[in-house]
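Accompanying notes for the structure given below.
The values are calculated or read from the model by the stated rules, or taken from the named source; none is laboratory data. Note that the structure is predicted; figures quoted are calculated from it, not measured. In this analysis, Cβ positions are derived from the backbone assuming ideal geometry, glycine residues included, and neighbour counts consider all displayed protein chains.
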Amino acid sequence: MTRLPNVSAAALPPPRPQVLEARPALARAVGGRVSTDDLDRLAYARDLWPLALLWIRQGKIPAPPDAVVWPGSDDEVSAVIKLARAKKLAVIPYGAGSGVCGGTWAINGGVTMDLKRFDSIGEVDAAHRAVEVGAGVLGETLERKLNSKGWTLGHFPSSIACSTVGGWLAARSAGQFSSKYGKIEDMVLSTRVVLGTGERLQTPERPFSGPDLTPLLVGSEGTLCAFTGAKLRVFPNPKGRVFHGFEFSSVEKGLEAIRLIFREGLRPAVTRLYDPFDTAFVGKAGAKKKPGVPPSLRGLLRTSVLPAVLRQVTRQTLGRPSMMNRLQQGFSRSRLILMFEGDPVRAEAEDRAATAICRQLSGDDLGEAPGRAWFKKRYDVSYRMSRLIESGTFADTMEIAAPWERVHEVYERVHAAASQFAFVLCHFSHAYADGCSLYFSFIGSGESEEAMETRYHQLWRAALAAAVHAGGNVSHHHGVGILKAQALQDSLGEGRHALRAVKSVFDPDGVMNPGKLGL
């Protein structure tokens, strides 16, 4: 197994003097729950942005916060922000640290504010189909509690076990079933926040007449406010599910099938179309396993032999991405997975209608097995990144979105741009009546750690530029953070002035999560 450098807390820069001076006041604000210990600062120095994994392999550490606080009430959050304004300290709201864009990096130091003490889950209001939830509640905890009472939020991000409601709101999260239930902003009835002024605010419950601040706050990534709670829409647990898989002769035909399904008013909970090379991998899912390595040797192979082999071949293969990507020209078929859920009769009827559309486009009917195989392992991919890191590569994902008339061009342009720097796969998911998300996976390498980091940055600049120029956006559900901040500002054009004007009203001293969204 690859040995990572010993990243020691002793290597951290000391807390800034102004934070140490403010420590007693911070302690009073949060009932003593404040730390300037190096180990705590190290633990909060990064999220799951893959760039940090490259840095750790080099023995580097992202800029840490100077202090960490754990407030437990809206008043305590307000007190921390007001103190930060008075002392000119940055405040970084923190959920569970599962983000992948550097959204919680303390690039200017300051105070990281962990909000997981906001962990309350109210009783479901069955008449209004709503529940009050604290911002620090983990997604898996919330869903299990709702399920036990006969309800579901319908929100299933791949990070459900290690992400919070507040993080979902901050980054405009989308779950795997968003085609039916919507993204998190579609589930929000009202939010409870503390603005960058220190002012507490509860937005009026939707729907209501008058200006709605919720769309301005949801997706602001801690740059305008800290979320402390929300009232969310819930749904009855589905009584039936129908799975189906199809294969098409090309990506274009698969995309046309999805477009027609949604334009006909059908709403599958899950819609996933894999590009040809991704289909080659997905096609093995559910296949009967052949007798292989004895159980006594599997651990040794996984922890020693396989990583060693991968380290030897990585730089000769992934270090030459154009060669690897040319292999994709030998594949053409694209697999589509559909799942309908809810009332069993309606789910069956929608599946029949979708099947008719797929057959009209000459899709091969694969039955229910591919969909069931995906459902069984739908979270596995989130926990395979470490194997790639151990093999001496870099790996990342990029999720963007585009309207139907631009989706295929965005796919081709991003694929071409990224293929210069990494091996590229893509699937299309989170589909809607007006377009869908494109979820790219990148795997690359280089002659050295420094070369890999250079290639990583080149990859992202090229891929985001290609997406925007082809008519896509820069993010669908992972957020912007630091990674996409410049691309977001460039894509907004004159609209960036409006974003900065909102920032000046809600956070006049610029203390809230500096640098994220380019603010």
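Table: residues versus (1) within 28 Å of LEU169 (Cα to Cα); (2) within 16 Å of the chain's Cα centre (by Cα); (3) of a type in the set (Ser, Thr, Tyr).
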| residue | (1), (2), (3) |
| --- | --- |
| HIS415 | no, no, no |
| GLY446 | no, no, no |
| ARG455 | no, no, no |
| ALA485 | yes, yes, no |
| GLN489 | yes, no, no |
TODO: Tell me, yes or no, whether the stretch 233-250 has at least one residue that is assigned to a loop (DSSP other than H, G, I, E, B), surrounded by fewer than 21 Cβ atoms within 10 Å (Cβ to Cβ) and among the basic types (Lys, Arg).
DONE: yes
- [ ] Evaluate the following for HIS477: is it within 26 Å of THR279 (Cα to Cα) and either part of a loop (DSSP other than H, G, I, E, B) or free of Cβ contacts under 8 Å to residues at least 60 places away in the same chain (or both)?
- [x] yes
Open item on the list: Suppose the filter is touching an Asp or Glu at 6+ places or on another chain (Cβ under 6 Å), crowded, with 18+ Cβ neighbours inside 10 Å and not assigned by TED's automatic domain parsing to the domain that holds GLY99; does ARG192 pass it?
Closed with: no
Open item on the list: Return the residues of the stretch 1-43 that are at pLDDT 95 or above and of a type in the set (Lys, Arg); say none if nothing qualifies.
Closed with: ARG16, ARG23, ARG28, ARG33, ARG41
Task: Residue selected from the stretch 436-475 under the condition at pLDDT below 95 and small (Gly, Ala, Ser), by the criterion farthest from ILE56 (Cα to Cα) - done: SER441
Open item on the list: Looking at the stretch 21-41, I want the residues that are within 17 Å of LYS87 (Cα to Cα) and assigned by TED's automatic domain parsing to the domain that holds VAL69 and have a partner that is part of a loop (DSSP other than H, G, I, E, B) and not charged (D, E, K, R) with Cβ atoms under 6 Å, at least 6 apart or on another chain. Which pairs are those?
Closed with: VAL30/PRO71; THR36/PRO15
Task: Residue check for LEU255: not in a strand (DSSP E or B) and not assigned by TED's automatic domain parsing to the domain that holds ASP75 - done: yes
Open item on the list: For the stretch 34-63, which positions are small (Gly, Ala, Ser) and either in a helix (DSSP H, G or I) or more than 20 Å from GLY109 (Cβ to Cβ) (or both)?
Closed with: ALA43, ALA52, GLY59
- [ ] With the condition kept exactly as written, say whether any residue in the stretch 144-159 is surrounded by fewer than 21 Cβ atoms within 10 Å (Cβ to Cβ) and without any contact (Cβ under 8 Å) to a residue 24 or more places away in the chain.
- [x] yes
Task: Residues of the stretch 115-157 satisfying the condition of being under 21 Å from VAL270 (Cα atoms) and charged (D, E, K, R) - done: GLU140, GLU143, ARG144
